[in-house]
Amino acid sequence: MGLLQLLKSQFLCQLIICYVFLVSGLIVNLLQLCTSPLWLVNKQLARRVNVKLGYCISSQMVAALEWWSGTECTLYTDPQSYPLYGNENAIVVLNHSFEIDFLCGWTFCERFGVLGSSKVLAKEQLSYVPIIGWMWYFLEIVFCKRKWEEDRRTVAKSLQKLRDYPVNYWFLLFCEGTRFTQKKHEISMQVAESKGLPKLKHHLLPRTKGFWITVQNLRGTAAAVYDSNLNFRDKAAPTLLDILNGKKFHADLYVRRIPLESIPEDEAECGAWLQRLYQEKDTFQEHYAKTGRFPGPTVSPPRRPWTLINWLFWACLLLYPLGLLFAQLLSSGSMLTIVFSVALCFAASLGVRWMIGQTEINRGSSYGDKEVPLNNN
């Protein structure tokens, strides 16, 4: 282990990264709250301001992946589609197999300049989570309850609000509805067999209704669907804790652009189209498993410096007063003060570890984990 890698694995360095993220995130949440009156006066300006504020939070996590971990990304895509990325609204369909696949999706957005405005279909409970959830609320993220009769109306209403969004955005969609596990896969394939659908080896059955309602409400606004498959070289399965420890990985991302007008408007036909898409996605994953690469030409979009600059800004802003505070505490000689400071750091580390734990596969959603027929929402 090199000196730099040893430094990255130290608890103090990780605590500093987490401290900057937590405190800056709460500051940004407060700034977002202060934009509330602006929504009444100039909604489009409020949206643009919140895109910038949201970037201050999400880019720190991307910076951890790109600059702290040094994880590299190779993009497999059509050279004719490449110039369009970042210059149009799109629905990005991602596989859901890794603990950091959401972070890789954000990195994909960052490489093409749409990270601050990226959208996602998320559980309603996440809107109450400080920092990320509150940021998403002001970014008009689409929240759902996973109850189709309610979601049909609320999700459609939220998507309709995005039709006049002032900047380009990507809508990230995990159509499988939950992260891949062996148990969920077995149950999902039982459903596939009962419905006469071909079985998938590397994916769960997609939830067609959520995809259909997204496509229908973004027609005329989004130009295409970006079908995306993610894998890591050497069969790695990185976690957020690995990234925080500075471990380096190499991601391979296969993306193909599908014009939105080529997707059927009828709900049943759209659902059948999505099932075929996932059968094709499965063949791409199988190709990767056998050859270690996806088909087609490759390109490596360069890292942009803004994620690192943003983190350095917040680090300089927040670490200097913290250092002065701890120096004063230590110089005071008060044992009670010192013990309180150590306890505060310990509590902060536990809080960060809890947040990281929520991304772990074994702590993931139980959605799709029950041995009952699944509703294909």
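Considering every residue within the range 230-252, establish whether at least one is within 16 Å of L274 (Cα to Cα) and surrounded by 17 or more Cβ atoms within 10 Å (Cβ to Cβ). No, there is no match, as no residue in the range 230-252 is within 16 Å of L274 (Cα to Cα) and surrounded by 17 or more Cβ atoms within 10 Å (Cβ to Cβ).
Candidates in the range 190-227 are the residues that are among the hydroxyl-bearing types (S, T, Y) and either part of a helix (DSSP H, G or I) or out of contact with any Lys or Arg (no Cβ under 8 Å at 6 or more places or on another chain) (or both); of these, the one that is surrounded by the fewest Cβ atoms within 10 Å (Cβ to Cβ) is S194.
Among the residues of the range 145-167, those identified as within 30 Å of Q279 (Cβ to Cβ) and not in a helix (DSSP H, G or I) are K145, R146, K147. Checked against the criterion of being in a helix (DSSP H, G or I) and within 29 Å of K247 (Cα to Cα), the candidates G86, G105 yield just one match: G105.
Candidates are the residues of the range 300-314 that are touching a residue at least 60 places away in the same chain (Cβ under 8 Å) and assigned to a loop (DSSP other than H, G, I, E, B); the one that is farthest from P79 (Cα to Cα) is R304.
Name the one entry in L350, L317, L330 that is outside any loop (DSSP other than H, G, I, E, B), modelled with pLDDT of 70 or more and either in contact with a strand residue (DSSP E or B) (Cβ under 8 Å, 6 or more places away or on another chain) or closer than 30 Å to Q14 by Cα (or both).
Being outside any loop (DSSP other than H, G, I, E, B), modelled with pLDDT of 70 or more and either in contact with a strand residue (DSSP E or B) (Cβ under 8 Å, 6 or more places away or on another chain) or closer than 30 Å to Q14 by Cα (or both) holds for just one of L350, L317, L330, which is L317.
Within the range 138-150, the set of residues being out of contact with any Asp or Glu (no Cβ under 8 Å at 6 or more places or on another chain) and within 30 Å of L84 (Cβ to Cβ) comprises F138, L139, E140, I141, V142. Each residue in the range 38-96 was checked for being without any contact (Cβ under 8 Å) to a residue 60 or more places away in the chain and surrounded by fewer than 20 Cβ atoms within 10 Å (Cβ to Cβ), and 11 of them qualify.
The values are calculated or read from the model by the stated rules, or taken from the named source; none is laboratory data. Nothing here was measured: the structure is a model prediction, and the numbers come from that model. Because the Cβ atoms are built from the backbone with ideal geometry, glycine has one as well, and the counts that use them run over all protein chains shown.
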